[in-house]
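What follows is one structure encoded as structure tokens, with my remarks underneath.
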Amino acid sequence: MNLILLGPPGAGKGTQAETLSAKHGLVQLSTGAMLRAAVKAGTEVGLKAKSIMEKGGLVSDDIVVRIIKDRIAEPDCQGGFILDGFPRTLPQAAALEKMLKSSKKKLDFVIELKVDDKALIERISGRFSCAKCGAGYHDTFKQTKVAGVCDSCGNKEFIRRADDNVETVQNRLLAYYKETSPLIGYYFAKGLLDSVDGMGAIDQVGGSIEKVLAKLD
């Protein structure tokens with residue numbers, strides 16, 4: 001079973017991908033991680049990517065697709081994979097489709113996590129975590145039981161990611177709708193798209209995804 005999860009930043013794609021990976025034996029493929037691994041391994045395509053990155057350039061879609069092709073040919077991917085962070089654009093989707101066809105593989109599902117923008121901005125901009133143990137909290141949805149004290153380790157210092165602010169989240173959403181949201185129509189036209197409500201609790205969203213995957217049985 002081969003999947004793509006679509007949705008804007010903060011929609012919960014990574015969290016759901018981890019759960020699906022563990023439950024169904026799928027390999028979660030992050031293009032960033034694959035790129036670093038190819039460079040470290042010194043593969044032919046990895047060396048090409050390294051040369052480009054050392055000059056401060058952007059690695060082309062062609063190279064990224066070749067890295068994905070090499071990765072999904074490995075034994076651990078034979079049971080299926082989840083693509084995390086790719087494709088992001090229509091040209092990337094077309095290149096991925098051509099590569100999968102040449103590799104005699106196909107996508108089974110493209111699942112869109114639908115979210116409410118206003119709620120999503122609140123969800124992301126309110127996040128903070130314990131500076132010591134990393135336990136996560138939220139200004140609105142998950143305060144510490146004792147104000148200013150981590151529930152897990154008792155630490156009193158907390159941090160926020162620099163990009164977890166309203167303006168940055170709005171900019172990330174704008175980039176998503178401009179570059180990535182056209183993929184929703186693209187995959188709908190191919191009969192691969194299913195949409196689920198991404199605003200519920202993690203388990204609820206996971207249950208909705210499982211209902212989609214059950215159609216393959």
List every residue pair whose Cβ atoms lie under 8 Å apart, where the two residues are 6 or more positions apart in sequence or sit on different chains, the first residue falls within region 163-189 and is free of Cβ contacts under 8 Å to residues at least 60 places away in the same chain, and the second residue, located anywhere, is among the hydroxyl-bearing types (Ser, Thr, Tyr). 164/125; 165/125; 166/125
Check on residue 134, within 21 Å of the chain's Cα centre (by Cα), within 16 Å of residue 112 (Cα to Cα) and free of Cβ contacts under 8 Å to residues at least 40 places away in the same chain: no
Breaking point among (1) basic (Lys, Arg); (2) in contact (Cβ under 8 Å) with a residue 12 or more places away in the chain; (3) in contact with a helix residue (DSSP H, G or I) (Cβ under 9 Å, 6 or more places away or on another chain); (4) more than 21 Å from residue 195 (Cα to Cα), for residue 40: (2)
Options 47, 58, 20: the member that is closer than 26 Å to residue 123 by Cβ and aliphatic (A, V, I, L, M): 20
Collect the residues in region 17-53 that are polar (S, T, N, Q) and within 24 Å of residue 171 (Cβ to Cβ), keeping them in residue-number order. 30, 31
Considering every residue within region 66-73, establish whether at least one is within 30 Å of residue 165 (Cβ to Cβ), in contact (Cβ under 8 Å) with a residue 24 or more places away in the chain and hydrophobic (A, V, I, L, M, F, W, C). no
Report, by residue number, each residue of region 137-180 that is among the basic types (Lys, Arg) and more than 30 Å from residue 112 (Cβ to Cβ). 145, 156
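Each reported figure results from applying straightforward, stated rules to the coordinates on display, with no laboratory input. Everything numeric here is computed off the predicted structure, so don't read it as measured data. Neighbour counts are summed over all protein chains in view; Cβ atoms, including those assigned to glycine, are modelled from backbone coordinates with ideal geometry.
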